[in-house]
Structures are given as structure tokens and as C-alpha cells.
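The values are calculated or read from the model by the stated rules, or taken from the named source; none is laboratory data. If you're wondering where the values come from, they're calculated on a predicted model, not measured in any experiment. Backbone-built Cβ (ideal geometry, glycine too); neighbour counts: all protein chains shown. Just the protein is used for accessible areas: all its heavy atoms, side chains included, with ligands, DNA and RNA removed. Shrake-Rupley method; radii C 1.70, N 1.55, O 1.52, S 1.80 Å.
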Amino acid sequence: MGEVKNRADLLIFWGCNPMEAHMRHFTRYSTLAKGLFTPRGRQGKKIVVVDVRLTPTARAADYFLQIKPGTDFEVFNALRALIKGLRLGNVDPGTGTVAGVTLTAWQELAQLMQSCRYGVVFFGIGTTMSRGKEMNIELLLTLIRELNRYTRFYAIPMRGHGNVTGINHVLTWQTGYPFAVNFSRGYPRYNPGEFSVVDMLGRREVDAAFIIATDPGAHLPRAAVEHLQKIPTIVLEPHCNLTTPWAQVVIPVAPAGVGAAGTFYRMDNVPLRVKKLVDFPYPSDEEVLRALKERIANA
């Protein structure tokens, strides 16, 4: 995020709405921030939003491209073709559009991407809300890699809550895989779609759940939450949320960064050490997990 603040002159927000979801993003790191090589702040930057609806972020942008839902994969392919100077074969013959946006607009965006000094695509969960899911992200990263033949370009996910990327770092460090890791055979196996939480809950393969520092009742699809409510569920949580009322066991813990020290990973993967500020009458997540591990080992 420091590089974005100091260098980026083209910011593309794809399938995300930081004006409402990441409220200090604009002022501290991206659109309005003044940096070493961007001393004019907003005046020296081009802002593009690609989304399926008009959002507050889109209203603040220089260019808003409103695409049809489920067409991210098609658009990424179109941009790759335009950047390479190839003829598009997916233009609607009746309207002259791709994914509901005129071909001219996509050509202008491709030109902006090639001619900028330092570009960044911030992509949100909207890019995974259509068929293909992780394949959309794979194609976006391919597009970014190809853009680096012409200029400097990056892609940064707009992660959700604080430290949501922390578990990805720990799993990658321990297993080599960032998520969807299965240990049932005694060694880590990785397969998104098969071992992902939502998919396993949707297939009703899970018969018990241990929930740590998250709130599936507020964030998972309805079918997944309904299955969780039918199976034994244990929750480690410092406060009440939408999951705690129906969990069979709730263990109160000290909130990280307030009642317990630890390492916090920022959305751009920068680790920040957080200190314990005040004493809490509850143990930390680590202390609870360590005690449970010892109890199970000695059972």
C-alpha cells in the first residue's frame, strides 16, 4: 500500500466498493493520498471502477464501466486481446458491446492500462460471485502479468475484516497452501472447491465445527449456515455475534490487539506487531487452543 500511495497514477477498483467497505483506503493509500511521486494527490491519478452496479466508489471515479453480472471472465479475456492488438470475437453484433459496455470504452481502458506509469487493480469479492470463481482471479493475474511487458502493474485483493489474511500466511508457512487445506490423511492436501468451507458445508460433509475469530452466521451462504446450526459447533469469540446464540459451546477469549498480543497482517500482507493494552479476565485464543491440545493428547 505504501508503493500505491507513492507511485500509482492509475487505480482500477474491480468488483469492490472501498468508499463503504474500506473507508480510509481512499484518503490514506489510494485515490486522495499524496505520495513521493504523486505529490498532486487526486489530480495526478486516473480512477476507474468496473462493477455491476453504481456504487459510491463509482460516483467518485473518472470512468465507470458497468458490466453485466457474470461477465468478468469475458472482460478479462477481451482486455488481454486488446492489449495484444488482437481482434475481438465476443463483441455483440447488435449493440457493439462487450459485457454491456461499448468496445470503445474497453479500448480506452486498455490504452490507459498500457500507457500509465504505475497501475494497480484492486479486486474485491465481486469478481468471485459468478461462474468460474477462482478462474476469474487466475485470468486477472494473467492480464496483470502481461501488462508488465509495457509498464508496472499490480493486483491487490480488497480483503475484508482486520487480519483476514493472517490465516493465509500461517497456512502457507505451515503447509505451502493458503486455504482449503485438508489434513484427514495425516498430511496437507489442497483443493479449492472440494476442501473449501462453503463447499464442504454445502455438501453436508461436516459433522462438527470449531470456529475461531470469525462469524459464519453473518458471512456464509444460507445453506452453509443452516447446516452449521444442525451440527455440534464450538466458538472462540470475545463478544456476541450472529453465530454465538446457536453454538453448542462458546468460549470467551481476550480480543487480539487489546487483551492479547500478536501479529496482525494488513491487507497488503505487511505484518504488524500488536501489543496487549489491558488485562482481560479471559485467556487468549492461543492459550485456549494450547490447553485443548494438551487435554486431547493426554486423553
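Just a few scattered comments:
- Taking every C-alpha pair closer than 8 Å and separated by at least 6 residues, the mean separation divided by the residue count of the stretch 166-299 gives a relative contact order of 14 percent.
- As a fraction of the 1.4 Å probe accessible area of the stretch 62-195, surface on carbon and sulfur atoms comes out at 54 percent.
- Extension gain, V249 back to A21 (0.36 nm per residue minus Cα-Cα distance, nm): 79.0 nm
- Taking amide H positions as modeled 1.01 Å from N, with prolines and chain starts lacking one, the residues under 5 Å from R266 and 5 or more places away or on another chain are L272.
- For the stretch 1-159, averaging the sequence separation of C-alpha pairs within contact (under 8 Å, six or more residues apart) and dividing by the residue count gives a relative contact order of 26 percent.
- Accessible area per residue for the stretch 43-86, computed on protein heavy atoms with a 1.4 Å probe, is 47 Å².
- For the pair E286 and R87, label points projected 7 Å from Cα toward Cβ lie 6.3 nm apart.
- FRET efficiency estimate (nearest 0.05) - Cβ-Cβ, A223 to T263, R0 35 angstrom: 0.55
- Those aspartates and glutamates that a straight Cα-Cα span of less than 12 Å connects to K133, excepting residues fewer than 8 apart in one chain: D72
- Whether the stretch 209-298 is rounded, prolate or oblate, judged on the alpha carbon gyration tensor where a/c under 1.5 counts as rounded: oblate
- Segment R145-L277, extension gain: residue separation times 0.36 nm, minus the distance between their alpha carbons: 43.2 nm
- GNM flexibility winner over the chain from G186, G160, G217 (Cα, springs under 10 Å): G186
- Value of relative contact order over the stretch 62-132, rounded to a whole percent, pairs C-alpha under 8 Å and six or more apart: 39
- Shape category assigned to the stretch 174-257 from the gyration tensor of Cα positions, a/c cut at 1.5: oblate
- Heavy atoms of the protein chains alone define the surface here; on that basis the stretch 112-252 has 57 Å² accessible area per residue at 1.4 Å probe size.
- Overall Cα dimensions of the chain, principal axis frame, Å, largest first: 67, 44, 33
- Candidate cross-link partners of K84 among the lysines, defined by an alpha-carbon separation under 19 Å and a same-chain spacing of 8 or more, are absent.
- Estimated FRET transfer efficiency when R0 is 25 angstrom, pair E294-Y190 (beta carbons, to 0.05): 0.30
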